[in-house]
Amino acid sequence: MKMKTCFWILFLGFTTASFAQDRNTRDLLKEIEGQWALNESGNVEYQRIIEAPGVEQDEIFNRVLDFFLYYYSMGNSVVQTEDRVLNRIVGKGIFDDVHSTFFPNNYVDCRHNIAVDIKDGRARASLVLTEFENELIMDYSSIFQTFKVADSYPVNPDGKTKNKMGKAFYKSHFAALEALDALERSIKQGTYADQRLKDEW
């Protein structure tokens, strides 16, 4: 009887922790309040104008491609559009393990799109958070679920698993800012140009 009672207490505690929002999550989200916004489609979007005086658009174009190739872990990004007429690059990327738990083993990645429009001496970047991919590992097998960021908490106040998704969103927010910082360094300084030259043969 005692074991059964203990099991139900643990189960209810885990369920409550999964679906409710604890104080820590509220504090994290309050920290970034007002730092993110929705675009016309209702998706979380970060925009940045990057000034690179004296750098021609062809070189900026190459530096943006370098960013996609070398910033992400292998296989975690792909360039979908590489248009030298419109001077536009669009790619997809993944922020790995923006949140994880160990009871049960659960890992959340965040998929996102980045579009970069290029001119001589400047670029306009737009990063949109699109989907969370949740991997639940049980008994040596994995269950994958995909949730739109727009449908998840805190973008959707009624979204489920507030703790998990709230913390995943918090870390995705900073991952997005870090990616834009890296893109800006690549455009301004050619951060990854040396790596590109090494690969040319």
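For an R0 of 45 angstrom, estimate the FRET efficiency from the Cβ-Cβ distance between THR130 and VAL85 and round to the nearest 0.05.
0.95
Go through region 125-141 residue by residue and turn each phi into a ³J(HN,Hα) via Karplus (6.51, -1.76, 1.60, θ = phi - 60°); whole Hz please, and just put x for glycine and proline.
My calculation for region 125-141 gives 10, 9, 10, 10, 6, 10, 9, 9, 10, 9, 10, 10, 9, 9, 6, 6, 10 Hz in order.
In whole percent, and with a 1.4 Å probe on the protein chains, what portion of the accessible area of the chain is carbon and sulfur?
53
If you count only protein heavy atoms with a 1.4 Å probe, what accessible area per residue comes out for the chain, rounded to a whole Å²?
Ligands and nucleic acids excluded, the figure is 61 Å² per residue.
Once fully extended, how much extra length lies between ASP151 and GLU178, figured as 0.36 nm per residue of separation less the alpha-carbon to alpha-carbon distance?
Between ASP151 and GLU178, full extension yields 7.4 nm more.
Using a 1.4 angstrom probe and counting only protein chains, how large is the accessible area of VAL85 in Å², to 10?
Only protein atoms counted, so the area is about 130 Å².
About the Cα centre, and with charges only on the beta carbon of Lys, Arg (+1) and Asp, Glu (-1), how big is the dipole of the chain? Nearest 20 debye, please. Write down the numbers at each step before the final one.
Values: 24 positive and 30 negative charges, 174 e Å.
In debye, rounded to 20, the chain gives about 840.
Return the sequence-ordered ³J(HN,Hα) values of region 32-46 in whole Hz as given by the Karplus equation 6.51 cos²θ - 1.76 cosθ + 1.60 applied to θ = phi - 60°, using x for Gly and Pro.
Taking θ as phi minus 60°, the curve returns 9, 4, x, 9, 10, 9, 9, 8, 5, 8, x, 9, 6, 9, 10 Hz for region 32-46.
Sort PHE67, PHE144 by heavy-atom solvent-accessible area, probe 1.4 angstrom, most to least.
PHE144, PHE67
So how much accessible area does MET138 have, in Å² to the nearest 10, using a 1.4 Å probe?
About 90 Å², ignoring ligands and nucleic acids.
If you count only protein heavy atoms and use a 1.4 Å probe, how large is the accessible surface of THR101, to the nearest 10 Å²?
THR101 has an accessible surface of roughly 50 Å² with all protein chains in place.
What is the gain in length, in nm to one decimal, between GLU59 and GLN189 on full extension, counting 0.36 nm per residue of separation less the C-alpha to C-alpha distance?
Here the segment from GLU59 to GLN189 would lengthen by 45.7 nm.
For every helix of n ≥ 4 consecutive DSSP H residues, a contribution of -39,500 (n - 2.57) applies; sum these over the chain, divide by its total residues, and give [θ] at 222 nm rounded to the nearest 500 deg cm²/dmol.
Per the formula, -12500 deg cm²/dmol.
Leaving ligands and nucleic acids out of the surface, order VAL78, VAL55 by accessible area at 1.4 Å, largest first.
Ranked list, largest accessible area first: VAL78, VAL55.
Of LYS148, LYS162, which has the most accessible area and how do the rest follow, probe 1.4 Å?
Reading off the accessible areas and sorting them downward yields LYS148, LYS162.
Let me have the relative contact order for region 77-173, percent, based on Cα pairs under 8 Å that are six or more residues apart.
20
At 7 Å along the Cα-to-beta-carbon direction for both ALA37 and LYS160, put a label point, then send me their distance in nm to one decimal.
3.3
The values are calculated or read from the model by the stated rules, or taken from the named source; none is laboratory data. Predicted model, so just to flag it, every value in this text is computed and none were measured. Because the Cβ atoms are built from the backbone with ideal geometry, glycine has one as well, and the counts that use them run over all protein chains shown. For the accessible areas, the whole protein counts, side chains as well, though only heavy atoms, and no ligand, DNA or RNA atoms are used. Shrake-Rupley method; radii C 1.70, N 1.55, O 1.52, S 1.80 Å.
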